[in-house]
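Down below is the structure, laid out as structure tokens.
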Amino acid sequence: MRLTPLDRDNLPEAQQRVLEMIESGPRGANRPGIGSIGPFPSFVKAPGIGAAAQALGAAVRFEGILPENIKEIAICMVGIYYRAKFEYSAHRAMAIRAGVSETCLDQILEGEEPAFAGDELVAYTIASQLLHQHQVIDETYAAGLDAFGEQGMIELVFTIGYYCLICHTLNTFQVPLADGMADPFPND
């Protein structure tokens, strides 16, 4: 990791507030020390922007209308696109808990077309087009509106964009996998 470790006992007040926001919010429930892993130390070390980033992330993850499986497919797509080891490993587990097929996740990881159907296929297609073509074609957009409504489409795009930020953060600061995480890209 390129960032110096957090000295949790000697943080300036602004940094301590961000750490408390992360650990007292829905991310921190039953996960002591979450503020010290993944992208969160960077949020703490840049508290002005970090507080806003953590708030946006909490809203994306916990306050929207999108079903968990839809969000997790999009997040996993971003993690794979950026080859962000921590992100994909963390969210693969969350995707499986949300009911996403392990086989489909493996197919995406291997660069194959996944066997998604219904709304999951729509979410996959939207994320794929945004990441690879930087836009969503009209036919896919219409399918997204049918599946998720306008608010859901906005949330899906925000989810994809937020996790692009997270993956850039993880990759730039070379954030390592946490204990128990499997390396999805062992050759990188």
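Placing one equal scatterer on every Cα of the chain and applying the Debye formula, the log10 ratio I(q)/I(0) at q = 0.11, 0.15 Å⁻¹ is -0.49, -0.89. Each label was represented as a point 7 Å from its Cα along the Cα-to-Cβ direction; for GLN107 and ALA52 these points are 4.0 nm apart. Using protein chains only and a probe of 1.4 angstrom, how many square angstrom of SER24 are accessible, to the nearest 10? Per-residue accessible area (SER24): approximately 100 Å².
Going from most exposed to least, what order do ILE34, ILE96 have by accessible area with a 1.4 Å probe?
Values: ILE34 5, ILE96 60 Å².
Highest to lowest solvent-accessible surface, that is ILE96, ILE34.
Between MET1 and ALA115, 0.36 nm times their residue separation minus their Cα-Cα distance comes to what?
Length gained between MET1 and ALA115: 37.5 nm.
On full extension, the segment bounded by ALA182 and GLN16 gains 56.7 nm, given 0.36 nm per residue less the C-alpha separation. If you plug the beta carbon distance of GLN174 and ILE65 into 1/(1 + (r/R0)^6) with R0 = 30 Å, you get a FRET efficiency near 0.30. Shape descriptor for the stretch 103-156: Rg over Rh equals 0.98 (Cα atoms; Rh from the Kirkwood inverse mean 1/r). Of all the accessible heavy-atom surface of the stretch 94-188, with the other protein chains kept in place and a 1.4 Å probe, what percent is carbon and sulfur? Here it works out to 50 percent.
A probe of 1.4 angstrom, applied to the heavy atoms of all protein chains, finds THR103 with accessible area near 90 square angstrom.
The values are calculated or read from the model by the stated rules, or taken from the named source; none is laboratory data. All of these numbers come straight from a predicted model, not from anything done at the bench. Heads up, the Cβs are rebuilt from the backbone with ideal geometry, glycines too, and the neighbour counts pull from every protein chain shown. Surface areas here come from the heavy atoms of the whole protein model, side chains and all, with no ligands, DNA or RNA. Shrake-Rupley method; radii C 1.70, N 1.55, O 1.52, S 1.80 Å.
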